[in-house]
Amino acid sequence: MEDLARHISDQAKRRGAVFADVRILYRRAESVVVQDGRADKLSAFTDRGIGVRVLVGRCWGFASADSLDRRRAERCLSDAFALAEASQEFVSDPAMIAAVAPVQAEDRRQPEIPPAAMPVKEKISHLLEWERQGRAAGGEAVVNSIVNYSDGQREEVLANTAGTLIRTVGSRAVATCLMVASDGKMLQRGMEHRGIVGGAELLRQITPEEFSVRATAKALGLLKARPAPAGRFTVLFHPSITGLLVHEALGHNAEADAVWAGQSILEGRLGETLAAPTVSIYDDSTLPGAFGSYAYDSEGTPSRRRMIIENGRLVGFLHSLETAAKFKAEPTGSGRAEGYDCRPIVRMSNTFMARGTVPLAQMIRGIDRGIYLMDGHWGYVFVQKGQFICHAGQARMIERGEPGEALRDVSISSMTLDTLKNIDAIGDDFEMKMPGMCGKEGQSAPTDCGGPHVRVREVVVGGQHGE
Amino acid sequence: MSKTAYLDVCQRCVQKAVALGAEWCDVSAGAVRDISVTIEKSGIKTADAGQGEEVAIRAFVRGGMGYAVVSGRSRRDIEASVERAVALAKEATADPDFKRLPAPQPAPEVEGLFDDRIAGMSVGEVVRIAVANIETGRAMEADANLSGHVSLAVGEAALASSTGVAIESRGTEIDADIEALVKRGSDSGYFYDFDFGRNLADCCLQTVAASAVAGARRFLGAKRIKSGRMSLVLGPLAAYGFLGGIVSAANAESIQRGRSYLCGKVGEAIASEHLTIVDDPLIPRGLRSGAHDGEGTRRRPLTILDRGRLVSLLHNSYTAGKACTESTGHGTHSGGIGASNLRPALGAKTAAEILCEVQEGIYLESGELRADPASGDLSASIDFGFYVKDGQVRFPVESAMIGGNILDLLPRLDAVSSDAREEPGILMPTVRLQDVQIAGAE
């Protein structure tokens, strides 16, 4: 793989590319689905190929092929040149690349239990046991249960015209659990999700009590919950919702490709105070074991911690080699590509808000009438408008400083800059347990997010009835 | 590889799987070649191209399923994947609900799914479509910030099974999606539009930017509104997503497993009599058209909602076997279920007339109305919406949300428009829901 990557990179240099990189990728993954007491569907996935990116004149060209055959790789290079040349005269914003210090490295992260080392039969037995205990916890109220586990290994070689040659080998494992409960009138779902940079050891780390049994408890709890009220409230975010806030509302806006393209509300705001003075937000791909961590990004830049908001002030963006050049900034190791057939784009890794000083009980006491949002499920953002939405699987009313009745199915929507300024208390706790796949431009990247409990004034809650 | 060569690969894989112990097996194989040109900051950012081949093997032993997917054309990799699929099927739990894979059901391919002109387009031609959009958008609004893609894909595929299914197909697709951002001081308006087709003659790809820019201008000057109950008019894009979500919930697997808000509703009225939805996979040149589904079942038009009554579910071969009925031809090769071209029946009033009748409400031009698949609860953001008063669209709204339960909302659907946006195979009318809870930030 190294020889081929270096050969194509050398060819690109000889043909006059301003810059070129070559990524060769080999991925294997397997998944097990257990549903309603049966190992329902067992799957395997194998993928290998090459992606060649060239900067020719003022424009990028990128071509890929699902083969490591030398002639097809050379054809990819020719295609990439032709693609770049076809667009030259229509470029309004010439492509650039930061000065790249050549890196020659190998990063091999051996999981405790490599995915292929555990027999499928053993994986199935873990899932069946989780599911059995989850169903037992709910009795006949549980009408459907799905437990899913997948693990896979990714081996990647990167070579570029600056002389970089990096081989990375790593694996990730993910487990999800869905329990559906019924009271005869209504159905409700409880979900749990775990993910690690590692292998099949995840199966031995998870206990049913904190996974499937917890998912069942959530579903049962939601059967007794009432719909949320609609309107504007003071809202208390559980760390999982804080994670969605920093990822969706701020993080995507801080991706420098969006900023440079004039698509982010943070364009031209560097150095300004945009959040409450107690707010500091980071993206850090060096956290050991965290789902969004990696040693080198897909452009070969070493991983690092990036500060985005420091004490309320916008201090930095996430950069690829190209955006770093355009902003005259340091590359931050945020250029990530999902597969060999994708260009690297600016992505988050593990994004979080730093802990504050306020105990949870004190934050609750300070709310006369509000909503406590828990169990972050999903979110999305329109960076152009700065409008985001976060969905919570569970919630509770807070009345006169006390937690009240349970609420079900709540989303919030707000404007990013308003929300960051309306944060009036940050908890002294911290949790980052939101491993997931973040989507952008058709690519997905493993990320995590979290933070402390956070209290925010004047958030719009999409409830089902008026006050 | 030629098209026939893919069928040969499939048949060889099926034979090998059966020899290894698969009781049932089907294999799909094919190739996709694509070109994509990216627009950023109202200029060309990059041009990308890719080509890939894939073989997917599905094997069953005592009803348990093993599935393996491999990219590329390496014979060794493909054979290893066949072995893995069979090995996994042997490890899977026996499933008595699995009955059989579909038998051969010959049917002529739907017309117009492959266009030689798209297949023969050069990168330069794709770039020129992108440039035409940039010029169109900038001519309307010199400072408009345009972004998006113009992409095409050319594919060929084959499917073979242990029951004797042997199908070959090919298709083309081209699309342009353009986003426009327009600024006036500190105010900004943002919108998007798209066009796509299987055949170049069905598309107006060069002018997508015009409607994106016009939309972005309309979204300048957004204001906050008060919470309240009011009418909700879903424009074609928003309505299509909303109705598509209901059809997805009519997935027989979800209902047989007991996890859908439509459990126990088959045969019942779940919506007002204004709502009829047909799924039609046989429309020539339709985006989601095709003679067979991913398992080789012959497809046919299917009425899912008839004047508000849920009359049919979407089945694949597994759910059909379990329910002792016939597959409706909605199976995917990986074992899932998916709809094709949705065609809601049109109503009597035009979209303009429907809007004119609204005393107070929201016109949602586009937005994701995603209901919880189990409870039907819905808590969604008004992503691209306007406030409507006395039949007039007044201003775009920000920081507002929609709440409700889909089974409460559907009986309050009181109009489907007589006019609709049409995309190849797909019909997108405007619909109106009455008495909907809106949460505002005012």
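Since every read-out is calculated from the coordinates, none of them should be taken as a lab result. Predicted model only: the values in this text are computed from it and were never measured. Glycine also receives a Cβ, built like all others from the backbone with ideal geometry; neighbour counts cover every protein chain displayed.
Which GluC sites (Glu not before Pro) in segment B:69-133 pass both tests, a DSSP loop state and at most 16 other beta-carbon atoms within 10 Å? Taking segment B:69-133 and a limit of 16 other Cβ atoms within 10 Å, the loop GluC sites (Glu not before Pro) found are B:Glu109, B:Glu111.
Restricting the trypsin sites (Lys or Arg not before Pro) of segment B:212-256 to loop positions (DSSP other than H, G, I, E, B) with no more than 16 neighbouring Cβ atoms within 10 Å leaves B:Arg224, B:Lys226.
Taking every residue in A:48-56 and counting other chain Cβ atoms within 10 Å of its Cβ, the average works out to 2. Considering only alpha-carbon pairs that sit under 8 angstrom and 6 or more positions apart, the relative contact order computed for chain B is 15 percent. Here chain B is assigned +1 on the Cβ of each Lys and Arg and -1 on the Cβ of each Asp and Glu. Its dipole about the Cα centre then comes out at about 520 debye.
Among the listed pairs A:Lys385/B:Lys265; A:Lys185/A:Lys218; A:Lys440/B:Lys90, those with a Cα-Cα distance over 29 Å are A:Lys385/B:Lys265; A:Lys440/B:Lys90.
Each Lys and Arg contributes +1 and each Asp and Glu -1, all at the Cβ; summed about the Cα centre of segment B:3-218, the dipole is approximately 400 debye. Qualifying trypsin sites (Lys or Arg not before Pro) in segment A:380-441, where qualification requires a DSSP coil assignment and no more than 15 other C-beta atoms within 10 Å, comprise A:Arg400.
Dipole size of segment B:222-442 about its Cα centre, with +1 on Lys/Arg Cβ and -1 on Asp/Glu Cβ: approximately 240 debye, rounded to the nearest 20.
When both segment B:264-298 and segment A:139-213 are represented by their alpha-carbon centers, they are found 33 Å apart. Toward the positive end of the charge dipole of the protein assembly as shown, with +1 on the Cβ of Lys and Arg and -1 on the Cβ of Asp and Glu, the farthest Cα among A:Val410, B:Gly286, B:Gly171 is that of A:Val410. Couplings for segment B:24-31, taken from phi via the Karplus curve 6.51 cos²θ - 1.76 cosθ + 1.60 with θ = phi - 60°, read 9, 7, 9, 9, 10, 8, x, 9 Hz in order; Gly and Pro are left as x. Ordering A:His252, A:His247 by the number of other Cβ atoms within 10 Å of each residue's own Cβ, fewest first, gives A:His252, A:His247. Taking every C-alpha pair closer than 8 Å and separated by at least 6 residues, the mean separation divided by the residue count of chain A gives a relative contact order of 16 percent. Sorting B:His149, A:His319, A:His193 from the fewest to the most surrounding beta carbons within 10 angstrom yields A:His193, B:His149, A:His319. Helical content alone sets the calculated 222 nm signal of chain A at -6000 deg cm²/dmol, taking -39,500 (n - 2.57) per DSSP H segment of four or more residues and averaging over every residue.
Counting only other chain Cβ atoms within 10 Å of each residue's Cβ, the peptide A:134-144 averages 1.
Shape class of the protein assembly as shown from the alpha-carbon gyration tensor: rounded, with the ratio a/c of largest to smallest axis under 1.5. Taking the DSSP beta bridges with both ends in segment A:278-432, the antiparallel portion is around 95 percent.
B:Leu234 sits among other residues whose Cβ lies under 10 Å from its own Cβ, and their net charge, with Lys and Arg +1 and Asp and Glu -1, is 0. Summing Lys and Arg as +1 and Asp and Glu as -1 over all other residues whose Cβ lies under 10 Å from the Cβ of B:Leu302 gives a net charge of 0. If you take all other residues with their beta carbon under 12 Å from the beta carbon of B:Ile225, and give Lys and Arg +1 and Asp and Glu -1, the sum is +3. Rounded to the nearest whole Hz, the Karplus-based 3J(HN,Hα) values (6.51 cos²θ - 1.76 cosθ + 1.60, θ = phi - 60°) of segment A:445-458 follow the sequence 9, x, 9, 9, 7, x, x, x, 5, 9, 9, 10, 7, 6, with x at glycine and proline. Karplus-derived 3J(HN,Hα) values for segment A:19-26, using 6.51 cos²θ - 1.76 cosθ + 1.60 with θ = phi - 60°, are 7, 8, 9, 10, 10, 10, 10, 10 Hz; glycine and proline are entered as x. DSSP beta bridges in segment B:222-442, what fraction antiparallel, as a percent rounded to 5? Of the beta bridges lying entirely in segment B:222-442, close to 85 percent run antiparallel. Other protein chain C-beta atoms within 10 Å of residue C-beta, averaged over A:220-233: 4. Give the separation of the Cα centroids, segment B:321-379 to segment B:164-209, in Å. After rounding, the separation between the Cα centres reads 21 Å.
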